[in-house]
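What follows draws every value from the coordinates through simple rules; no lab data is involved. These figures come from a predicted structure and were not determined experimentally. With ideal geometry, Cβ positions are generated from the backbone for all residues, glycine too; neighbour counts draw on all protein chains shown.
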Amino acid sequence: MPTVRNGVILDNIDNLVNAIKQDPNVAKVQFHAHSEWRGGTQAEVTISDMFSNGNNIMGPERQFKLIVDEPAVLGGKDEYPNPVEYLASALCGCLTAGIATNAALFNTELEKINVDVRVNFDIHGVLGMDRSKPNGPLDLHYTVTLKGKNGANVDALRKSKETLDKKSPIKNTIELPLRVTTEFIVEE
């Protein structure tokens, strides 16, 4: 019977840690997303592959589809979230999963995790109206609300959140410099 706490399968984490101890290259992971234009401001994004040490570790049955759009004021149909909303949701998901996992690892049972993310922009730059304004967000703020089960220790709850503040891959991607490369292909 697997060890599960807060819905987190702890045995899977232990197995991964042991695999990395045996071969540190297993920790070299690549996530992959591919989009195709659907017209207007919409794109269909497919997420399927996840590589570890150069090998696709996901089966062909793993395939997720997301549709990205823009609100009407930005020329879209507003039928799906826009990229910034997906970014905010990625941070919500990362923080929620990480806090649940940390609490499980710290032997703390949770009843509730709510994450609220707010991304603030001045879209003068995005619209090309004022080049002195940034094209990206001005700032981001998130609030985490936790409730433990059975009188969970407040310090353990705080530790679950504060540990993730330092370790969240999505938070780190947003706030730290990231080397980005690009290619351009024209089909004939």
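The table for this structure:
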{"quantity": "Members of the range 137-162 that are surrounded by fewer than 12 Cβ atoms within 10 Å (Cβ to Cβ) and part of a loop (DSSP other than H, G, I, E, B)", "calculated": "Leu138, Asn150, Gly151"}
{"quantity": "Members of the range 43-85 that are part of a strand (DSSP E or B) and exposed (fewer than 13 other Cβ atoms within 10 Å of the Cβ)", "calculated": "Asn55, Phe64, Lys65"}
{"quantity": "Residue within the range 13-24 that is under 27 Å from Leu140 (Cβ atoms) and of a type outside the set (Val, Ile, Thr) present", "calculated": "no"}
{"quantity": "Qualifying residue in the range 92-105 (condition: over 19 Å from Ile9 (Cα atoms) and surrounded by fewer than 17 Cβ atoms within 10 Å (Cβ to Cβ))", "calculated": "no"}
{"quantity": "Among the candidates Asn53, Asn114, Asn25, residue that is touching a helix residue (DSSP H, G or I) at 6+ places or on another chain (Cβ under 8 Å), polar (S, T, N, Q) and touching a residue at least 24 places away in the same chain (Cβ under 8 Å)", "calculated": "Asn53"}
{"quantity": "For Gly125: the one exception among (1) touching a residue at least 60 places away in the same chain (Cβ under 8 Å); (2) part of a loop (DSSP other than H, G, I, E, B)", "calculated": "(1)"}
